[in-house]
Amino acid sequence: MTTFALIGAAGYVAPRHMKAMQAIGGDLKVAYDPNDSVGIIDSHFPDAHFFTEFERFDRHVDKLRRRDEQIDYVSICSPNHLHDAHCRFALRSGADAICEKPLVLNPWNIDGLAEIERDTGRRISTILQLRLHPAIIALREKFAKSNDRHQVNLTYITSRGRWYYASWKGEDAKSGGVATNIGVHFFDMLSFVFGPVKRNEAHLREPERAAGYLECERAEINWFLSVDRNDLPDSVKGKKTTFRSISVDGDEVEFSEGFTDLHTRSYEEIIAGRGFGLDEVRSSIDIVSNFRNAPVKSGSGLLHPFAQRMIAG
């Protein structure tokens, strides 16, 4: 039986990881979170040990190792800025790591993790679940056969309340900002479908929203991301809290269905040795890091329509 430890058990995405562990017949041996609102564990692994102090969690993982009850994988659902350190902990504990997006905040952190992989012989896999979505796979296969350049618009607005800005997610140094926190998996998907990025512009960079332009090998992409419910189109205000749209050459790409079991699919691929490793994650980390540090060019003629409206006031 595959055994797991979990860091960040009280996090928003942690239940998806527990469900995936259970679905593949795994066993969660021990979990950690400084917050103790983790009753969800009872629905999956009620016998798992749980700690609110990292030092005690570390000691328990080490005790299992010394008893020859080695943890196979450490799953990481902690705040973004801690992913790097927690991956290092996993590998140094003799386990492989399964890390939520974004794997790290900066591309040079990937180089450091690659060194630890070589030193320990262990592996880091990250959750890039959109690469496993049937609609995205079909899209990639379709455009891989074409030499045409495509016009793409990405709009993603997901409402967040006041709590967001009081949490680590509202601190750029910890979350990487809106583009990193809610956008990194979309950027991975776009480079996965349309090829390597050749140009990356920042058009809008605010605490609540971000916008920019990407030129990929096979596409020119305008994108807009927001956590402000006031940015929702009038057609969905009062009805939905999230608006997601991707259009290619004016045609809407439908992929709103099929998200439910993508974490389980990710775990199945990782256990089978086909997980997405450091090389696969580099492109999206480059995109968000470069955007975070790029000068804002709000006068560009390449603005996303939503960004045009925001800048015009």
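For the reader, a short list of remarks on this structure follows.
- Which numbered condition Pro196 fails, given (1) at pLDDT 95 or above; (2) under 28 Å from Arg140 (Cα atoms); (3) not aliphatic (A, V, I, L, M): (1)
- Qualifying residue in the range 147-168 (condition: among the polar types (S, T, N, Q), surrounded by fewer than 14 Cβ atoms within 10 Å (Cβ to Cβ) and closer than 24 Å to Gly250 by Cβ): yes
- Looking at the range 159-246, the helices (runs of 4 or more DSSP H) lying wholly inside it that each contain 3 or more residues that are aliphatic (A, V, I, L, M) sit at 184-194.
- Residues of the range 10-30 satisfying the condition of being outside any helix (DSSP H, G or I) and in contact with a Leu (Cβ under 9 Å, 6 or more places away or on another chain): Leu28, Lys29, Val30
- The set of residues from the range 88-122 being of a type in the set (A, V, I, L, M) and touching a Ser or Thr at 6+ places or on another chain (Cβ under 6 Å) comprises Leu91, Ile98, Leu103.
- Top-ranked residue of the range 271-313 - restricted to ones that are charged (D, E, K, R) and under 12 Å from Arg205 (Cα atoms), ranked as modelled with the highest pLDDT: Arg292
- Test result for Gly195, small (Gly, Ala, Ser), under 23 Å from Ser283 (Cα atoms) and in contact with a Phe, Trp or Tyr (Cβ under 8 Å, 6 or more places away or on another chain): no
- Unique residue being polar (S, T, N, Q), touching a Lys or Arg at 6+ places or on another chain (Cβ under 9 Å) and outside the structural domain of Gly238 (by TED's automatic domain parsing) when the list is Ser146, Ser93: Ser93
- Considering only residues in the range 83-105 that are charged (D, E, K, R), farther than 21 Å from Ile182 by Cα and under 19 Å from the mean Cα position of the chain (by Cα), the one that is surrounded by the most Cβ atoms within 10 Å (Cβ to Cβ) turns out to be Asp96.
- Checking each residue in the range 141-155 for being under 22 Å from Arg244 (Cβ atoms) and of a type in the set (S, T, N, Q) picks out Gln151, Asn153, Thr155.
- Some residue of the range 106-124 being over 29 Å from Asp251 (Cα atoms), hydrophobic (A, V, I, L, M, F, W, C), surrounded by fewer than 19 Cβ atoms within 10 Å (Cβ to Cβ) and more than 21 Å from the chain's Cα centre (by Cα): yes
- Restricting the range 48-82 to residues that are among the hydroxyl-bearing types (Ser, Thr, Tyr) and closer than 22 Å to Ser266 by Cβ, the residue that is surrounded by the most Cβ atoms within 10 Å (Cβ to Cβ) is Ser75.
- The one condition from (1) in contact with a helix residue (DSSP H, G or I) (Cβ under 7 Å, 6 or more places away or on another chain); (2) buried (at least 20 other Cβ atoms within 10 Å of the Cβ); (3) under 21 Å from Leu139 (Cβ atoms); (4) of a type outside the set (Asp, Glu) that Tyr213 does not meet is (1).
- Looking at the range 31-130, the helices (runs of 4 or more DSSP H) lying wholly inside it that each contain 3 or more residues that are without any contact (Cβ under 8 Å) to a residue 24 or more places away in the chain sit at 54-66, 107-120.
The values are calculated or read from the model by the stated rules, or taken from the named source; none is laboratory data. Here the structure is a predicted model, which means the values were calculated and not measured. Every residue, glycine as well, gets a Cβ built from its backbone with ideal geometry; the counts of neighbours run over all protein chains shown.
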